[in-house]
1. Give the residues of region A:623-634 that are over 32 Å from the mean Cα position of the chain (by Cα) and either in a strand (DSSP E or B) or at the interface with chain B (Cβ under 10 Å from one of its Cβ atoms) (or both), sorted by residue number.
2. Could you please give the count of residues in region A:475-494 that are farther than 13 Å from A:Ala510 by Cα and within 14 Å of chain B (Cβ to nearest Cβ)?
3. Confirm whether A:Leu121 is within 15 Å of the chain's Cα centre (by Cα), facing chain B (nearest Cβ under 8 Å) and either in contact (Cβ under 8 Å) with a residue 60 or more places away in the chain or not in a helix (DSSP H, G or I) (or both).
4. Residues that are over 21 Å from B:Arg240 (Cβ atoms) and at pLDDT 95 or above, at least 2 per element: which helices (runs of 4 or more DSSP H) completely within region B:147-216 meet that?
5. Determine, yes or no, whether B:Leu200 is over 30 Å from B:Met407 (Cβ atoms) and without any contact (Cβ under 8 Å) to a residue 40 or more places away in the chain.
6. May I ask you to say which residue of B:Ala224, B:Ala206, B:Ala228 is crowded, with 20+ Cβ neighbours inside 10 Å and within 12 Å of chain A (Cβ to nearest Cβ)?
7. Under 6 Å between Cβ atoms, at least 6 apart or on separate chains: pull out the pairs that start in region B:280-295 with a residue that is within 15 Å of B:Arg12 (Cβ to Cβ) and end on any residue that is polar (S, T, N, Q) and not in a helix (DSSP H, G or I).
8. Is there any pair linking a residue in region A:166-180 that is surrounded by fewer than 24 Cβ atoms within 10 Å (Cβ to Cβ) to one that is of a type in the set (S, T, N, Q), with Cβ under 6 Å and at least six apart or on different chains, and which?
Number of protein chains: 2
Amino acid sequence: MTSPADMANAIRFLSMDAVEAAKSGHPGMPMGMADVATVLFTRFLKFDAKAPRWADRDRFILSAGHGSMLLYALGYLTGYEDLDIEQIRNFRQFGARTAGHPEFGHVAIAETTTGPLGQGLANAVGMALAEKMMAARHGDGIVNHYTYVIAGDGCLMEGISQEAISLAGHWQLSKLILLWDDNHICIDGDTSLSTSEDQLGRFTAANWDVARVDGHDPEAIAAAIEAAKATNRPSLIACRTVIGFGAPTKGGTEKVHGAPLGAEEIAGARAKLGWPHAPFEIPAPILDSWRAAGIRGAAERTAWEARLAAYPERAEFERTVAGRLPENWHQTVLDFKRKVTAEQPKWATRKSSQEALEALTPVIPELIGGSADLTHSNLTHTKVTRSITPTDFSGRYIHYGVREHGMAAIMNGLSLHGGFIPYGGTFLIFANYLWPALRMSAMMNRRVIYVLTHDSIGLGEDGPTHQPIETVTALRATPNVLVFRPCDPVETIEAYEAALDNETGPSVLALSRQNLPTLRTIHSDDNLTARGGYILAESDLDSRQVTLIATGSEVSLALEAKDLLESRGIGTAVVSLPCWELFERQTKEYRSAVLGEGTVRIAVEALGTFGWERWVGDNGAVIGMTGFGASAPADKLYNHFGITAHAVAEAAQARL
Amino acid sequence: MTSPADMANAIRFLSMDAVEAAKSGHPGMPMGMADVATVLFTRFLKFDAKAPRWADRDRFILSAGHGSMLLYALGYLTGYEDLDIEQIRNFRQFGARTAGHPEFGHVAIAETTTGPLGQGLANAVGMALAEKMMAARHGDGIVNHYTYVIAGDGCLMEGISQEAISLAGHWQLSKLILLWDDNHICIDGDTSLSTSEDQLGRFTAANWDVARVDGHDPEAIAAAIEAAKATNRPSLIACRTVIGFGAPTKGGTEKVHGAPLGAEEIAGARAKLGWPHAPFEIPAPILDSWRAAGIRGAAERTAWEARLAAYPERAEFERTVAGRLPENWHQTVLDFKRKVTAEQPKWATRKSSQEALEALTPVIPELIGGSADLTHSNLTHTKVTRSITPTDFSGRYIHYGVREHGMAAIMNGLSLHGGFIPYGGTFLIFANYLWPALRMSAMMNRRVIYVLTHDSIGLGEDGPTHQPIETVTALRATPNVLVFRPCDPVETIEAYEAALDNETGPSVLALSRQNLPTLRTIHSDDNLTARGGYILAESDLDSRQVTLIATGSEVSLALEAKDLLESRGIGTAVVSLPCWELFERQTKEYRSAVLGEGTVRIAVEALGTFGWERWVGDNGAVIGMTGFGASAPADKLYNHFGITAHAVAEAAQARL
């Protein structure tokens, strides 16, 4: 029988040796938490290294992602097939799966991409919430697993952690267990440089169970996990550890955090821990013991598969877990488009969004909503999205409170878990608060939908603190995000359709507070919004001299400018460009035809003008905001900032 | 003697009537907190409405900025000269000082701009820290004031609040008093929809004193504030209030939060509270009592002015409070430039930044540093910037912990307080976490310097989670931010010089992790970086056919490409463009000459390419990143993503 200490030392030396070979990385955390991880993976975690995506596995999230070698070592030792010793040797090298920080999709053991601190913890809250919600739908014979997180001081210092732990405590996510690497060291030095918080008190105040253990005492760790599993609240286990445990001179200091230990220190650690083996060499008995742990869960998995096979709703469970949309939902979109094309309501696009969601949520049961405490403004609630509560997870609507960043990261967790397509609302300007998590949605190819209302100076009196100028630019500049700014009900549901069809990344809908006319008055089965941009109104005169390009609430303004220009004999087309990213995917020919190569191109958008040169070219102009907004009724602001049909027409005429 | 209830009702009815007239706004909070605010302003707050910027006044921050009418009512009632009744009548109208949310610089009573929740609370922590730091420098005869904050549930739900309260507790900011509007209502409805936290426990865990009072009992409120002033820790006073107190049917519900009450409900409130007066009418005895409260502090102010007059260091105190830099500091910049121009070190620009700070911090004592727990990576510490500690505030370096967002908002508070120019470091990618607070630096014209290192894929192995792609774009798109990406030690200190000379907004320095050559090898007294862009190397051939435009670490790569192109007979100039915003302020002629109108323009930057069309035009090209990065050594990544001198040269040649 291999001792737990030897098994933990295998993690320690793989970590030391891999960081040394890479000449960069973070050995201190894997060395410090090796004992805790060994207890968790050999005695508690329900998993099967040979079937890593088994839907009812326990989730393990390394929120302190810089300690990636902990995860890779565990993956190699337990026998994940995508992590052989060559991967460990090639830690942080080009093309290796063993990236500097664990990346979802690169290695099966990474349930989420971590590194930006606090994100993983919040993702874990989302996964634990998803577990409760899936169990409410399918019963605990099909869904019944724990979510374990390792987080360090950095994760707990980030504000997002408070948003996440508040919600976890509120919802009483009893199967969430947080193992805090309580090592008293941060990068600058001792944590006492910047914190003197009573973390147990903090978590207690948030309705968590708390415990404190010696993170190098396997039996104490095991007892604490046992106790945590038994409670009906989320659990914090403060694991008092020595960072870089085993490093003879640097252990317990910030020197082991983020740099190779050096040959001498590693030799010292080998002597100190009694590990005479060569770098990357794990003695067979130790490896065997780890490999046995890696398949501990196989029987449980087999039993679960049998239960699933007998489950009457198996197809629906598998469909939602696989992220396949139901049959025929596109028909709902077509019906909606026909209706609004005929009725031509004057809705704010936030209202169009609500109506679209009213149509879509009944036919797509995995579509779950929420808002960061702006439900009545975002209009994100629908008749079928009953709220979830701490005692009833069968609902479909999440009150996140004023916690935008936490909301986005929890949506990532819901999406990563499988079974749901989350959408969440806030004001567009508060996308600034959630941007780091939206970036993770994009990097992890998550189908998460951000419903961002009050999308310009058109929100009026709330003033410059609430009026986005730069937000849409930042979202457009973030890779793998579809940013939609629809102009009417037709484009709005088309944006939802494109967002739902976009299986490999998040989408943003930027929606107006103010009412707007319906502009798409001729029904088209085609999703024109999914082309990114299209000619909404061709020139009514013989030739097109001017092309006006607009998005969202400014499309109707462009149409007014077209009338002005054409009354002066200047042939003018209006292009609606609701999604830059999709437009860029069209052929060059299509784009040239839409943009009217050779015409004078004027863009108008009541946001910052940054980046529009791409579409208007050297001879064009952009009508928009060049500074912060102001507090006044919307029409006053449009006039004050010169975002008017008249200004658009003048800009065009000046360039002819 | 006017009763406290009548005085509070004056706030309530001004708020109700102003929101009603504006047809938008938030009456519930001012009505709920009117009693608390009355106690504070009539019995505690040290201020003089006739001298609103008196340096040693107590600071009052309305973190729940949507309740702006509370602040405006207080300003009008106490006699601030910029807030007459017409301003109240014109609440939220174009050109009025009474904007939807309180804006610093628009009304004297607004110590900071609030509205984005949590920011004000964090600003207040910065102000309370500034008070301790200024008192450590000048003694408590000159600096000795309290900082009071009103915050609501929204502020306390935002993650930034945790970062701020953790630090306030850590530093034991004993003169910080937080009055929590504990009204049990958020926008979606009862706070129990999304929170069940024990806030008193949470603050206790963060080393605050806590108390709970009836927010409608003036004597209880006064006793709690007295007790809070006496403790040696920051204090939370949970004020249990009824939102919309006095509204007969909507009071105590979310219906009074963010919309006018309506004529009928207001009539009901007049009856219920015994307030028969017309809209905007404050009976003379009540107004007289308020006005007397407004000048309560005049004697104290006069005494303080006498102390200041006798203070030997008065000139230095006044200089730093006014934000005037010391004489002759520009000489330090020149000396530094001469030295590095001669020695031509191969420093990473983060190292250049450290050396620049080593030169600047001794001669600019108000320049105070810090880092969000990346001191050894950001290289933000200098020999003279001793760390502040909870027991010694005479230092100049702040360990913020892993709390980027809190750091930025606290820097805003330090700057708003007066006396300091703060700089703070983190990795560039984590500017995403602090962006909402940086936006406030910009909106409030704060001279705050963001030192953002590890600024591209050049950071290498830490991988895509740490490699900024879109961050610089977002910062460039944010109004009133100077974004510098210097290429060498000369440009780096020039960037600091321009940042320090920029008295009306924040600056960002994006700095490399990797070593770079010194490229500015001929000394110039002129600050070329302050021009935004300039020709670093003119064509060595007869005519310039190609202009290569680069920033930061890619400038040396552009110089290599120039050599390649010129070896092929193609005249090529290299433009360094370290600051777009300053370049845009140059004349059109200067810009055309630098950019080489008519030449083929190729930009290269190891970041997202978004927005570069502005400089390269229709016939140009941009070499940069179009997706997320990867984890590998930096040179491997530059090759993999095609950011090479070869690629730059090829792109240019293809367009000739």
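The values are calculated or read from the model by the stated rules, or taken from the named source; none is laboratory data. Predicted model, so just to flag it, every value in this text is computed and none were measured. Here the Cβ is made from the backbone with ideal geometry for all residues, glycine too, and neighbour counts use every protein chain on show.
1. Answer for region A:623-634, where residues must be over 32 Å from the mean Cα position of the chain (by Cα) and either in a strand (DSSP E or B) or at the interface with chain B (Cβ under 10 Å from one of its Cβ atoms) (or both): A:Ile623, A:Ser631, A:Ala632, A:Pro633.
2. 4
3. The answer is no for A:Leu121.
4. Correct list: B:159-171.
5. So B:Leu200 fails the test.
6. None of the others qualify; the one that does is B:Ala206.
7. B:Ile286/B:Thr2
8. A:His170/B:Thr195; A:His170/B:Ser196; A:Ser174/A:Asn232
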